[in-house]
Structures are given as structure tokens and as C-alpha cells.
Amino acid sequence: MAGSSSKSVLFVCLGNICRSPIAEAVFRKMATEAGVVDKVTKDDFMSFEYILCMDESNLSELNRKAKSVKNYQAKIELLGSYDPQKQRIIQDPYYGSDEDFGKVYEQCVRCCKAFLEANS
């Protein structure tokens, strides 16, 4: 992100095998700095400025875990809250078709672009 301080972002979904890796790849391509872990740890709430998750279940679980971390710094949000098309939930394409993976990719592109514009 030229002209601004670097941001640390963690992308989360249920299994971290479809949506969050797609979101991470899109974000890395756009911003060159992002991160993802297999399981969210208490340290992540202090290490990352943003933890962007894919659905309400992820959001609820992350907010629950965050309560056990004193003075955590991360902003926990839905990546889809940045979607200009207002599709707040990034649906899991794991049991879907190739077209479903394409939809997730396109939504992640829109959301990551809007996130970067809002935070640069």
C-alpha cells in the first residue's frame, strides 16, 4: 500500500481451505502483505490489526475467543462488509461447483479492493 503504513490482516473461515485462502491470495496480490494461520491463537488478536472472516459463524467464534484476550488490538470484521455489492457473507464453495469457487474469487477481489481503498 504505497504511501501508507503496512497493515496486518488475518483471513478466517471454517476450515481455512477455500474462502480464506482465496481471500488471502487476492489480498497478497493486491497489497503484498497479509497473513493467515490454520487456527486463530490468542496472540493473533494482538498481532494483527484486522481479522477478516467469511461468515457470521466465524465472526461469532472470533468475538467469543477475543473476550479471553485482555486489551486485544485486532478489529474483527466480515470481509464481506466491504463488498460494494453488499454480499456480506462469503459462501463456502467446498461442496459446490467450479462456478461457486469463481464467485468466491470475484467477491474476494471486490472486498479486498474496497478494504484497501478504505484503509490506505
Report summary line: Only helices counted: for the chain, with every DSSP H run of 4 or more residues adding -39500 (n - 2.57) and the sum spread over all residues, [θ] at 222 nm is -12500 deg cm²/dmol
Query raised in the report: In the structure shown, do any of Lys42/Lys75; Lys86/Lys113; Lys75/Lys113; Lys29/Lys65; Lys67/Lys113; Lys39/Lys65 have a Cα-Cα gap over 21 Å, and if so which?
Result: Lys29/Lys65; Lys67/Lys113
Query raised in the report: Leaving out ligands, DNA and RNA but keeping every protein chain, what accessible area does Leu14 have, in Å² rounded to the nearest 10, with a 1.4 Å probe?
Result: 140
Report task. Work out which GluC sites (Glu not before Pro) in the chain are exposed loop sites (DSSP not H, G, I, E or B, at most 16 other Cβ within 10 Å) and give the longest gap free of them. Result -> 50-120
Query raised in the report: Where in segment 74-95 does the amide nitrogen come within less than 14 Å of the point 7 Å from the Cα of Ser47, taken along Cα to Cβ?
Result: 74
Query - Gaussian network model of the chain, springs between alpha carbon atoms under 10 Å - residue of Val40, Val109, Val26 with greatest fluctuation - result: Val40
Report summary line: Sorting Ile22, Ile90, Leu79 by the position of each Cα along the dipole of the chain (Lys, Arg +1; Asp, Glu -1; all at Cβ), the one nearest the positive end of that ordering is Leu79
Query raised in the report: Helices from the chain with mean Kyte-Doolittle at least -1.0 and a Cα length along the axis of 24 Å or more, per DSSP H: which?
Result: 98-118
**Report entry** Among [x] 1.49; [y] 0.95; [z] 1.01, the entry that matches Rg/Rh (Cα atoms, Kirkwood Rh) as calculated here
**Finding:** [y]
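The values are calculated or read from the model by the stated rules, or taken from the named source; none is laboratory data. Computed from a prediction, not measured in an experiment: that's the story for all the values here. Glycine also receives a Cβ, built like all others from the backbone with ideal geometry; neighbour counts cover every protein chain displayed. The accessibility values were calculated without ligands, DNA or RNA, using every heavy atom of the protein model including side chains. Shrake-Rupley method; radii C 1.70, N 1.55, O 1.52, S 1.80 Å.
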